[in-house]
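Structure first, then comments.
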Amino acid sequence: MIGRLNHVAIAVPDLAAARALYCGMMGAEVSDAKDLPEHGVTTVFVTLPNTRIELLHPLGDKSPIQAFLNKYPAGGVHHLCYEVEDITEARDRLVVEGARILGDGVPRIGAHGKPVLFLHPKDFCGTLIELEQA
Ligand code: CO
């Protein structure tokens with residue numbers, strides 16, 4: 001059911017510093033920072049030949065990324081994003097199999113203008129999973 005790895009997301013305490021690190025020392029192609037108020041994050045995308053890295057920074061008071069950074073002040077891997085062909089079909093199948101979808105289970109528009117959902121880390125080997133309709 002799942003397809004390509006769309007991106008690996010890393011929560012960072014200093015977005016400008018993380019962007020400069022990937023752009024400079026790592027020599028990667030990086031995007032400008034983009035605010036996603038609906039998700040409570042500011043993102044920078046690093047484009048690699050075979051996937052992307054999403055640098056995540058909290059936006060607003062109730063950002064889920066702030067809670068993560070409180071636990072891991074230096075930052076860390078936050079989630080993996082897998083592509084699926086049909087996000088509603090994927091969600092329904094996962095729910096039947098007993099997996100928990102975060103929030104109200106309704107896909108929202110993610111960082112690439114496509115519908116996304118998040119799956120409970122306890123059901124996926126301790127890893128927060130994002131599904132994105134490709
Ligand atoms: Co993501």
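Taking the DSSP bridge list for the chain and keeping only pairs wholly inside it, about 70 percent are antiparallel. Taking Cα centre as origin and charging only the Cβ of basic (Lys, Arg, +1) and acidic (Asp, Glu, -1) residues, the dipole magnitude of region 5-133 rounds to 340 debye. Neighbours of ARG52, meaning other residues whose beta-carbon lies under 15 angstrom from its beta-carbon, give a summed charge of -2 when Lys and Arg score +1 and Asp and Glu score -1.
Residue ranges 117-124, 29-36 sort as 117-124, 29-36 when ordered by packing (mean number of other C-beta atoms within 10 Å per residue, highest first). Scanning residues 5 or more positions from VAL41 or on other chains, those with amide H under 5 Å from its amide H are LEU36, LEU59, with H placed 1.01 Å from N in the peptide plane.
Computed on region 5-133, the Cα convex hull volume stands at 110 Å³ per residue. What net charge is computed for the residues neighbouring VAL84, neighbours being all others with C-beta under 12 Å from the C-beta of VAL84, Lys and Arg scored +1, Asp and Glu -1? Result for the local shell: -3. Among the protein heavy atoms of region 5-133, carbon and sulfur supply 55% of the accessible surface, probe 1.4 Å, non-protein parts ignored. What shape does region 20-91 have by the C-alpha gyration tensor, where a ≥ b ≥ c are the square roots of the eigenvalues, rounded means a/c under 1.5, and otherwise prolate means a/b greater than b/c and oblate the rest? Here region 20-91 falls in the oblate category. Computed from Cα positions, the angle between helix 87-96 and the longest principal axis of the chain comes to roughly 60 degrees. Amide H contacts of HIS78: ALA9, ILE10, ALA11, each under 5 Å away and 5 or more positions distant or on a separate chain (H built 1.01 Å from N in the peptide plane; Pro and chain starts excluded). Distance from the alpha carbon centroid of region 1-74 to that of region 99-123 works out to 17 angstrom.
The values are calculated or read from the model by the stated rules, or taken from the named source; none is laboratory data. Since this is a predicted model, take the numbers as computed values, not measurements. Note that we place each Cβ from the backbone using ideal geometry, even for glycine, and neighbour counts take in every protein chain shown. Remember, those area values only see protein heavy atoms, side chains included, never the ligands or the DNA or RNA. Shrake-Rupley method; radii C 1.70, N 1.55, O 1.52, S 1.80 Å.
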